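Novice: Below is the structure I would like to discuss, written out as C-alpha cells.
The values are calculated or read from the model by the stated rules, or taken from the named source; none is laboratory data. On a predicted model such as this, the values are computed, not experimentally measured, just so you know. Here Cβ is always computed from backbone atoms with ideal geometry, including for glycine, and neighbour counts include all displayed protein chains. The accessibility values were calculated without ligands, DNA or RNA, using every heavy atom of the protein model including side chains. Shrake-Rupley method; radii C 1.70, N 1.55, O 1.52, S 1.80 Å.
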Amino acid sequence: MRETRVWRALLGLENTVVEGVEFDDDAGVIVVHARPTASRRDRCGTCRRRSPRFDHGDGRRRWRALDLGSVQAFVEADAPRVTCRRHGVTVASVPWARHDAGHTRDFDDTVAWLATVTSKTAVTRLMRVAWRTVGSIVARVWADTGGAVDRLEGLARIGIDEISYRRGQRYLTVVVDHDSGRLVWAAPGNSAATLRSFFDALGETRSAAITHVSADGADWIAVVVAERIPQAVVCADAFHVVQWATAALDQVRIEAWRTARAAARSEPRPRRGPRTANSPKRPASDLANGIKRSRYALWKNPEDLTERQHAKLA
Ligand SMILES: [Zn+2]
C-alpha cells in the first residue's frame, strides 16, 4: 500500500490526491497537503457545477481534520475561486469539507453526533473546539441532512412547553415528541400566535392524528389546543404536577406552623428563674419548631424517610 493511500484512509479523504505530509513543529500539528482529483476540481462551492476558474482566492487554506491519536491534523490545499453561472464568484468546492467550513466533513459529523449524545463540556473538551463552533457545525450538518428528515411526521403524543432565557426576558415555545423523546419544533415567543404557527406547519391531517398533549397550565396553550386539536387528551406534565404539589404542601405546612405558633404564644409563660434541664418545656412551641423544619421530610416518599424524619412527622 502506498503511503499516500494510508493518509487518505486515515483522514477519510475521498476524491483527493495527497501531495505530501509534514509535521508542523511550530503548531505541533500534522498537515496533509492535498488537492481534489481532476474530476472534482473547479466546481462551484454551492452547486458543485463545473465552472471557469476566477482567481487563486486567498491562497493556501487549512481545514481541521479528526485528530490522529492525540495530535491535531489539518488538510491544507489551494482555495481558488470559480465563476458559477448561478452563484457568481465563489470559492471552489473541496471533496473533504462542506462549503464555507473550516473543518472536514468527518470532523463536522463527529461533532454533530457528539452534540446529540453528550454534554457541552464533553464535546468542547474532547474535540478541542469552542461551544460557538459546535453551534455552527450543527447548523451546517443539519442544513446538509435535515432536508431529508420530516420531524413532524407520525406525531401522536406531544408535549408543549415554554422556556425562558436571558433571565426571563425572552421565551421559546417548544414541542417534544413523547414517543421518541425528541424536540421536534421550537420558535421564539410564548403566545397563542407562536403556538398556532406550529399547528399551521403540522397541517390538518397530522393535527387530527394527535392523541395526547401535555402542557403546563398556561391559558394561551389551552386555548390553542382546544382550537386546533380538540380530540386530544390534555394531560398535565409531570414536572408541573410535582411543582404544584410541592407548592401546595409548603402552603399547608406554613399554615400549620402559624397555628402552632399562635397556640404557643397563648400558653402560660414558665415561671421566672434560671433555666435548667428540668425547666418545664412548652410543648406547643416545640411543635411549631418541628413543623418549621419538616420541609424536606414532607417531600420524601414514606419508605425513604430516615428514622429521625419518621419521628418528626409522627
Ligand atoms: Zn453554483
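Novice: Quick one: would you say residue 90 is within 16 Å of the ligand (Cβ to nearest atom) and part of a strand (DSSP E or B)? First the steps, then the outcome.
Specialist: Values: within 16 Å of the ligand (Cβ to nearest atom): yes; part of a strand (DSSP E or B): yes.
Yes; evaluated as a whole, the condition is true for this residue.
Novice: So which of 109, 78, 67, 58 ends up being of a type in the set (Asp, Glu) and within 18 Å of residue 145 (Cα to Cα)?
Specialist: Numbers: 78 fails: within 18 Å of residue 145 (Cα to Cα); 67 fails: within 18 Å of residue 145 (Cα to Cα); 58 fails: within 18 Å of residue 145 (Cα to Cα).
One residue alone meets the criteria, 109.
Residue by residue, here is whether (1) within 19 Å of residue 207 (Cβ to Cβ); (2) of a type in the set (S, T, N, Q) holds:
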residue	(1), (2)
110	no, yes
116	no, yes
123	no, no
134	no, no
143	no, no
156	yes, no
182	yes, no
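Novice: Follow-up question, since we're still on this one. Where residues in region 41-69 are over 30 Å from residue 126 (Cα atoms) and away from the ligand (no atom under 16 Å from the Cβ), which of them is most open to solvent (accessible area, probe 1.4 Å)? Working first, answer last.
Specialist: Of region 41-69, the ones over 30 Å from residue 126 (Cα atoms) are 41-44, 46-59.
This time we only want the ones that are away from the ligand (no atom under 16 Å from the Cβ), so: 55-56, 58-59.
Working: 55: 52, 56: 136, 58: 155, 59: 26 Å².
Taking the candidates together, the pick is 58.
Novice: Check region 206-225 and report whether any residue there is farther than 30 Å from residue 294 by Cβ, at pLDDT below 90, over 22 Å from the mean Cα position of the chain (by Cα) and not hydroxyl-bearing (Ser, Thr, Tyr).
Specialist: yes
Novice: Quick test of your reading of the structure: residue 82 fulfils all but one of (1) over 21 Å from residue 133 (Cβ atoms); (2) open to solvent by 20 Å² or more (accessible area, probe 1.4 Å); (3) within 14 Å of the ligand (Cβ to nearest atom). Name the failing condition by number.
Specialist: (2)
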